[in-house]
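Participant: Have a look at this one.
The values are calculated or read from the model by the stated rules, or taken from the named source; none is laboratory data. All figures in this text were calculated on a predicted structure; none of them were measured in a lab. Don't worry about glycine lacking a Cβ; one is built from the backbone with ideal geometry, like all the others, and counts go over all protein chains shown. These accessible areas exclude ligands, DNA and RNA; they are computed on the full protein's heavy atoms, side chains included. Shrake-Rupley method; radii C 1.70, N 1.55, O 1.52, S 1.80 Å.
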Amino acid sequence: MKTLEQLHREYLEVMDSQEFAAEELDYSILDAHLPYLRKIDQLSQSGITIFDLHRKTHVFVSDNIAVLTGRVADGTETEPAAGDFPVHPDDLPLLYGNGTYFLRYGMLLPPERRKDFKLVSEFRLAPRNGRCIRVIEQQMILENDRRGNIWLAIGILDLSPDQDPQSPFRSRLINIRSGDIFMFPPPGIE
């Protein structure tokens, strides 16, 4: 079994495997998404984040994230996505492993097919006020850069209807075009 440090290091190594040309990144693309994301934040209870794989930071964190996670959005996010939420210590290694596997899988796909998939994970946040909260996080690739690197990823966080703190970590890969659902990562993959 890998340690949390090893899993975190692998996650960073996968992100670092892409070579970005900062001068080619057009942040007006991100800016075009923001008004819609802010409106969704106002109209729903979902927490929304945009993670920039070039900068390795969240470039958008909706106000609802603080409500769901107890985390204040202060613009100083510097850690990868799995480390940003107060995830239950038993679920954090699984979340890192899934994130790493999802990135590797996405990097193997042709850039034009990457947006066909989303990763849906259900896990516990660390105890707050004496109890765990189960959430569902959906992650998708939002934008590739001109070189085909995975650049921006969107995450949508919601309360799970299953609030049983003993329910296991769950994750599925969904092809949103075909509707096919896959156990993720596949059994036997660490």
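Participant: Grab the helices (runs of 4 or more DSSP H) fully contained in segment 1-71, keeping just those with 2 or more residues being charged (D, E, K, R) and over 23 Å from L103 (Cα atoms).
Facilitator: 28-43
Participant: Is there any pair linking a residue in segment 7-31 that is of a type in the set (S, T, N, Q) to one that is open to solvent by 40 Å² or more (accessible area, probe 1.4 Å), with Cβ under 9 Å and at least six apart or on different chains, and which?
Facilitator: S17/R104; S17/M107; Q18/H54; Q18/M107; Q18/R147
Participant: So A153 fits all but one of (1) small (G, A, S); (2) more than 14 Å from the chain's Cα centre (by Cα); (3) modelled with pLDDT of 95 or more; what number is the exception?
Facilitator: (2)
Participant: What are the residues in segment 13-46 that are open to solvent by less than 50 Å² (accessible area, probe 1.4 Å) and over 19 Å from E143 (Cα atoms), if any?
Facilitator: Those that are open to solvent by less than 50 Å² (accessible area, probe 1.4 Å) and over 19 Å from E143 (Cα atoms): D41, S44, S46.
Participant: Continuing with the same structure: Filter segment 56-88 down to the residues that are of a type in the set (D, E, K, R) and modelled with pLDDT of 85 or more, then identify the one that is most open to solvent (accessible area, probe 1.4 Å).
Facilitator: Of everything passing the filter in segment 56-88, D63 is most open to solvent (accessible area, probe 1.4 Å).
Participant: Checking I174 against (1) within 27 Å of L12 (Cβ to Cβ); (2) of a type in the set (V, I, T); (3) without any contact (Cβ under 8 Å) to a residue 24 or more places away in the chain, only one condition comes out false. Which one?
Facilitator: (3)
Participant: Quick check on my filter: what residues within segment 125-177 are of a type in the set (K, R), farther than 20 Å from S17 by Cα and out of contact with any helix residue (DSSP H, G or I) (no Cβ under 6 Å at 6 or more places or on another chain)?
Facilitator: If the condition is that a residue be of a type in the set (K, R), farther than 20 Å from S17 by Cα and out of contact with any helix residue (DSSP H, G or I) (no Cβ under 6 Å at 6 or more places or on another chain), then R128, R131, R134, R170, R172 are the ones that fit.
Participant: Quick check on P161: is it part of a strand (DSSP E or B) and out of contact with any strand residue (DSSP E or B) (no Cβ under 7 Å at 6 or more places or on another chain)?
Facilitator: In short, no.
Participant: Could you identify the single residue in R124, R170, R128 that is over 20 Å from the mean Cα position of the chain (by Cα) and charged (D, E, K, R)?
Facilitator: From the options R124, R170, R128, the qualifying one is R128.
Participant: Something else now. Which one of these is surrounded by fewer than 13 Cβ atoms within 10 Å (Cβ to Cβ) and over 11 Å from the mean Cα position of the chain (by Cα): G179, G97?
Facilitator: None of the other options fit; the residue is G179.
Participant: Mind checking which residues of segment 10-35 are more than 19 Å from the chain's Cα centre (by Cα) and over 26 Å from S62 (Cβ atoms)?
Facilitator: E19, A21, E23, E24
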